[in-house]
Amino acid sequence: MIKVLQYSFYDLIRSRWSYVYLLFYLVLGFALLFLNSSVSKSIITLMNIIIVLTPMIGTIFGVMYYYSSREFTELLLAQPMKRTTIFLGQYLGVSLSLTLSLVLGLGIPFTFYGLWQSAEMANFGLLLLSGSFLTFIFVALAYNIGLSNDNKIKGFGYAILVWLFMAVIYDGLFLISLIVFEDYPLDKFTLLATMFNPIDLSRILILLKLDISALLGYTGAVFQKFFGTNRGMISSLLVLSIWTLVPVYLITRKASKKDF
Amino acid sequence: MIEINNLKKSFGKVEVLDGVSLSIADKGIFAILGPNGSGKTTLIKSILGMVIPQAGEIKINGTNIKGKWDYRKDIDYLPQIAQFPDNLTVVELINMIKNLRGKKSNDQELIKLFKLEPFLDKKLGNLSGGTKQKVNLVLTFMFDSPILILDEPTTGLDPVSLIRLKDLIRKEKESGKTILITTHIMDFVETMADEIVFLLEGDIYFRGTVDELKKKSDRNDLEHAIATLLSEKE
């Protein structure tokens, strides 16, 4: 698996898009720090960007890489290698290279700005952690979509729909249902609905950590009331891990049943 | 040794293999023939584990291959259409496969044989179809495995390379390998194959030597013999 991972990783690191992605974060990090001149404010702004952007890049890159490496995959399938090894290797290669762009792209400007001496270190770390989680989750979802659809156009379509649903439509439906059922007790529903969307979950996770959850939304308040900050954080991290592991398991299952 | 028992595979409603049983115990060159869509590639890909059959079993050297992958170290496979990752160079690809297999290889000799030296540092995306096929051949022949499976090996090759390929296949045969070849070039079959396996509508319609096939259909050349075979069926 390490060998496949290496090749996929190396292949992606050399591609232009990885540099563009890295450069984007570099520019974003420096610009935010320059404009806000405060690490903690920059972190909040960054959160709003990362929570939408990492899933989008993850899905699009994941699907793109799956389809463009089909030949490579077929070549590997005829070699004495396990199928799960091949697909997990590729999946980890994509996820790791995207995560690297994120961590380096934001890490460098914040290091220059003296993050290591500031009290925001933990918050920044959590921001990168949830960004990485989202990357791993959405690349895995994209790989599942790729494996289930031989038609490239359909695959791209579904991938973008999944992102759009999680990032935009889900919140809309959520909000509508909160308004429609406002006469009923909704805390349990809110909690559950948040769990089912990794993007919302990451948002809550960071808000809880920044300790401004009560100001920034109903779900945050409910979460804090239910779990208390530490427990809430641990359980959201746990659910995020489940969100990563389930699609990865589905990749191995789909891959071992597919014809090439 | 390859043993296939009652192999069935359909894609959606199309039944591609309908209970194929085939046993290849000997060394030598076996040509798998059949009209387009008769299931040649599906049969080969089932042996390689790339296509997963709905029923039946395949044994390579006595072990059932279902769910296994280790047995593929005994097989060298030449895929039908030479498609490689576009942004790798030829040398990188060869080294990658060598690294993945971790086996001794004679790639340098084959590179010289097919005159690939000038292309080694070129990206695979920029190569012509014939040159890609030569790279494909190098990747397949560079390891010394007891079973060789070649899916349309002649595609896109110039006459000189074709002669070299034939010599290469003969050499492999002499060293005692089992070689499966699919092709549509009958001349190639006549000069190379020890035995013919003729697939039709998902089953084996004929198995025997070239001469037996000619005798059976009462024709002198292979192309017409096969045409006769097909019209008989209809």
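Quick rundown of the values:
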quantity	calculated
Segment B:123-137, subset among the basic types (Lys, Arg) and surrounded by 20 or more Cβ atoms within 10 Å (Cβ to Cβ), residue nearest to the chain's Cα centre (by Cα)	B:134
Residue within segment B:39-47 that is more than 11 Å from chain A (Cβ to nearest Cβ), open to solvent by less than 40 Å² (accessible area, probe 1.4 Å), on the phi > 0 side of the Ramachandran plot and within 21 Å of the chain's Cα centre (by Cα) present	yes
Residues of segment B:138-161 satisfying the condition of being open to solvent by 20 Å² or more (accessible area, probe 1.4 Å), at negative phi and touching a residue at least 40 places away in the same chain (Cβ under 8 Å)	B:144, B:146, B:155
Scan of segment A:86-101 for residues that are among the polar types (S, T, N, Q) and touching a Leu at 6+ places or on another chain (Cβ under 9 Å), ordered by number	A:90, A:97, A:99, A:101
Residue count for segment B:59-74, restricted to those that are without any contact (Cβ under 8 Å) to a residue 60 or more places away in the chain, touching a helix residue (DSSP H, G or I) at 6+ places or on another chain (Cβ under 8 Å) and not in a loop (DSSP other than H, G, I, E, B)	2
Matching residues in segment B:1-37 - criterion: being more than 15 Å from the chain's Cα centre (by Cα) and open to solvent by less than 40 Å² (accessible area, probe 1.4 Å)	B:4, B:7, B:9, B:10, B:16, B:17, B:19, B:20, B:22
Extreme residue, least open to solvent (accessible area, probe 1.4 Å), among residues of segment B:63-75 that are touching a strand residue (DSSP E or B) at 6+ places or on another chain (Cβ under 8 Å) and more than 9 Å from chain A (Cβ to nearest Cβ)	B:65
Wholly enclosed helices (runs of 4 or more DSSP H) of segment B:173-234 bearing at least 2 residues small (Gly, Ala, Ser) and surrounded by fewer than 19 Cβ atoms within 10 Å (Cβ to Cβ)	B:222-233
Condition broken by residue B:164, with the remaining ones in (1) within 24 Å of residue A:71 (Cα to Cα); (2) in contact (Cβ under 8 Å) with a residue 12 or more places away in the chain satisfied	(1)
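Results for (1) farther than 21 Å from residue B:8 by Cα; (2) aromatic (Phe, Trp, Tyr); (3) touching a residue at least 24 places away in the same chain (Cβ under 8 Å); (4) in a strand (DSSP E or B), shown as yes or no for each residue.
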{"site": "B:53", "(1), (2), (3), (4)": "no, no, yes, no"}
{"site": "B:57", "(1), (2), (3), (4)": "no, no, yes, yes"}
{"site": "B:76", "(1), (2), (3), (4)": "yes, no, yes, yes"}
{"site": "B:85", "(1), (2), (3), (4)": "yes, no, yes, no"}
{"site": "B:96", "(1), (2), (3), (4)": "yes, no, no, no"}
{"site": "B:103", "(1), (2), (3), (4)": "yes, no, yes, no"}
{"site": "B:109", "(1), (2), (3), (4)": "yes, no, no, no"}
{"site": "B:115", "(1), (2), (3), (4)": "yes, no, no, no"}
{"site": "B:125", "(1), (2), (3), (4)": "yes, no, yes, no"}
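Quick grid of which residues meet (1) in contact with an Asp or Glu (Cβ under 9 Å, 6 or more places away or on another chain); (2) modelled with pLDDT under 85:
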| site | (1), (2) |
| --- | --- |
| B:161 | no, no |
| B:189 | no, no |
| B:193 | no, no |
| B:209 | yes, no |
| B:217 | yes, yes |
| B:223 | yes, yes |
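The values are calculated or read from the model by the stated rules, or taken from the named source; none is laboratory data. Being a predicted model, the structure only gives us computed values, none of them experimental. FYI the Cβ positions are ideal-geometry reconstructions off the backbone, even for glycines, and counts take in every protein chain you see. Areas reflect the complete protein model, heavy atoms only, side chains present, ligands, DNA and RNA absent. Shrake-Rupley method; radii C 1.70, N 1.55, O 1.52, S 1.80 Å.
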